[in-house]
Amino acid sequence: MQIIYDPSDTLDISDYGIDIPISFNNARKTTELLTEDYRKSAENKAGEKAGENRRMASLPSWYHTELDPPPGTRELSAVHDPAYIGRLLDGGTNLEKEIIRTFELVDEDGNYNRYSPDSAGKNLEELFAVILRRGGGSAKAARLALEKGSAFYFGGGFHHAHYSFGSGFCFYNDMLAAREMLSSPGDAPLTWIIDIDAHKGDGTAELVQRMNEQEDRSVIDLSIHMAQGWPLDLKRIPPGYDADPAWIPAALDIPVFTHAQDQYLPLLRKGLEDMEAMSLKRWGRKTPELAFVVAGADPFEEDELPSTQLLKLSRSTMLERNRLVHGFLMERNIPAAYVQAGNYGNNSWKVYYDFLSELQARER
Ligand SMILES: [Zn+2]
């Protein structure tokens with residue numbers, strides 16, 4: 001597994017006056033632990049030649065700190081409403097309005113929600129610049145997956161971004177934009193998007209449905225998520241929509257009720273098998289050319305975002321979840337690009353580390 005971590009991405013959302021428990025510490029801690037494991041293993045192999053060990057302790061070959069360039073107007077406008085992308089890329093007050101909407105910083109009554117601009121040390125436009133750069137991380141994960149089999153990027157997974165507006169901390173769909181970055185127009189790889197974040201991948205579902213309507217059937221999306229709660233309880237009908245777009249179905253939706261969460265793993269396995277059957281029917285082949293995994297750690301019982309409390313999977317179930325998806329893809333030689341997606345609070349490193357350390361140990 002190739003691992004992509006940009007050490008210069010130290011986004012702390014509280015710098016912008018926003019009170020949401022998003023932290024980059026989990027990515028940093030996981031990569032520190034993984035590189036420490038690598039260093040110890042290299043030292044053991046080198047035996048007592050302490051002098052040589054230091055040189056071997058340089059970065060492992062699977063560890064990447066450079067991202068690809070961020071998506072540009074062409075790639076983003078191929079996925080989203082070009083007018084919306086224009087407002088984002090133009091900056092200024094248009095961008096600021098979109099950020100306030102995407103991070104839900106103003107409530108229905110016009111009051112600030114989880115937001116105190118007076119305490120902000122940085123302006124909101126900088127926040128967008130950081131998040132735009134992460135699209136280059138997702139593109140790199142896809143590129144490395146195609147070259148080397150699998151890659152995990154500590155960023156991205158913006159599955160709530162809709163066609164013409166941002167939502168749930170997501171401005172644009174980095175998975176679909178990455179496909180555009182890797183190919184010439186109309187020639188993107190046949191793709192699965194396997195979304196195992198706690199929240200329904202509602203933005204992805206809308207965008208894929210729109211593609212299908214345009215006779216582009218090259219993406220099949222699966223979302224296994226909380227059956228209730230955000231975003232399904234948003235109850236909004238944005239301008240230009242006939243109904244709440246949070247309810248637009250993915251190709252395969254697997255809602256999991258709180259009382260049935262012991263069925264999470266069998267439901268996920270069945271979903272992956274159904275994805276294969278659907279691919280055969282649609283494409284005449286069982287597997288895609290590329291799979292994205294939206295690997296949110298927020299179904300974990302120690303996640304701290306209030307809206308994830310309807311799904312509380314144990315640490316061992318989270319590991320089984322990741323093993324199940326990864327094993328399924330690797331057994332079929334499907335290039336797998338992982339994006340980090342939702343993780344809130346200070347404990348999600350446990351989920352990422354359990355999964356990735358096992359894979360890295362196997363490769364040593
Ligand atoms: Zn989530």
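The values are calculated or read from the model by the stated rules, or taken from the named source; none is laboratory data. These numbers were taken from a predicted model, which means no experiment stands behind them. Cβ placement follows ideal geometry from the backbone for every residue including glycine, while neighbour counts extend to all protein chains displayed. All accessible areas refer to the heavy atoms of the entire protein, side chains included, with ligands and DNA or RNA removed. Shrake-Rupley method; radii C 1.70, N 1.55, O 1.52, S 1.80 Å.
Quick notes on this structure:
- Ranked by the mean number of other Cβ atoms within 10 Å of their residues, highest first, the peptides 3-14, 133-144 fall in the order 133-144, 3-14.
- Percent RCO, i.e. relative contact order, over the chain, from Cα pairs under 8 Å lying at least 6 residues apart: 20 percent
- Within the range 2-363: Cβ-based charge dipole about Cα centre, in debye rounded to nearest 20 (Lys, Arg +1; Asp, Glu -1): 1200 debye
- Global geometry of the range 180-246, whether rounded, prolate or oblate, following the gyration tensor of its Cα atoms and the 1.5 cut on a/c: oblate
- A straight chain from residue 270 to residue 314 at 0.36 nm per residue would run longer than the Cα-Cα distance by 13.8 nm.
- Positive-end residue, the range 2-363 charge dipole about Cα centroid, Cβ charges, pick of 305, 337, 10: 337
- What the phi angles of the range 192-202 give under the Karplus curve with 6.51, -1.76 and 1.60, with θ = phi - 60°, is a coupling list of 9, 10, 9, 9, 10, 5, 5, 9, 4, x, 6 Hz, glycine and proline written as x.
- Between residue 243 and residue 59, the modelled label-to-label distance comes to 4.7 nm, taking each label 7 Å out from Cα in the direction of the beta carbon.
- Overall dimensions of the range 90-136 as given by Cα atoms, namely Rg and Dmax in Å: 11.4, 37
- Spatial separation of Cα centroids for the range 216-269 and the range 272-306, in angstrom: 13 Å
- Apportionment of accessible area to carbon and sulfur, the range 161-319, percent (1.4 Å): 53 percent
- Over the range 97-167, volume per residue of the alpha carbon convex hull, in Å³: 111 Å³
- Sites residue 12 and residue 212, calculated FRET efficiency, Cβ-Cβ separation with R0 41 Å, nearest 0.05: 0.60
- Most tightly packed first, judged by the mean number of other beta-carbon atoms within 10 Å of their residues, the peptides 87-95, 293-301 read 293-301, 87-95.
- Environment charge at residue 241 (Cβ cut-off 15 Å; Lys +1, Arg +1, Asp -1, Glu -1): -2
- In this rough spin-label picture, where each label sits 7 Å from Cα along the Cβ direction, the residue 362-residue 331 distance is 1.2 nm.
- Karplus-derived HN-Hα couplings along the range 290-295 (A = 6.51, B = -1.76, C = 1.60, θ = phi - 60°), whole Hz, x at Gly and Pro: 7, 10, 9, 10, 8, 8
- The range 262-326 shape via C-alpha gyration tensor axes, a/c threshold 1.5: prolate
- Amide H contacts of residue 2: 150, 151, 152, each under 5 Å away and 5 or more positions distant or on a separate chain (H built 1.01 Å from N in the peptide plane; Pro and chain starts excluded).
- Computed over the range 2-363, the alpha-carbon pair-distance distribution with 20 angstrom bins reads 30, 59, 10, 0, each value a whole percent.
- Fraction of accessible area attributable to carbon and sulfur, the range 29-130 (%, probe 1.4 Å): 46 percent
- Remark: for residue pairs 29/140; 235/312; 29/122; 140/270; 140/235, the C-alpha separation exceeds 26 Å in 140/270; 140/235.
- Cα shape, the range 140-278, gyration tensor, a/c 1.5 rule: oblate
- Antiparallel content of DSSP bridges confined to the chain, in %, to 5: 10 percent
- Ligands, DNA and RNA are left out, and with a 1.4 angstrom probe the accessible area of the range 2-363 is 43 Å² per residue.
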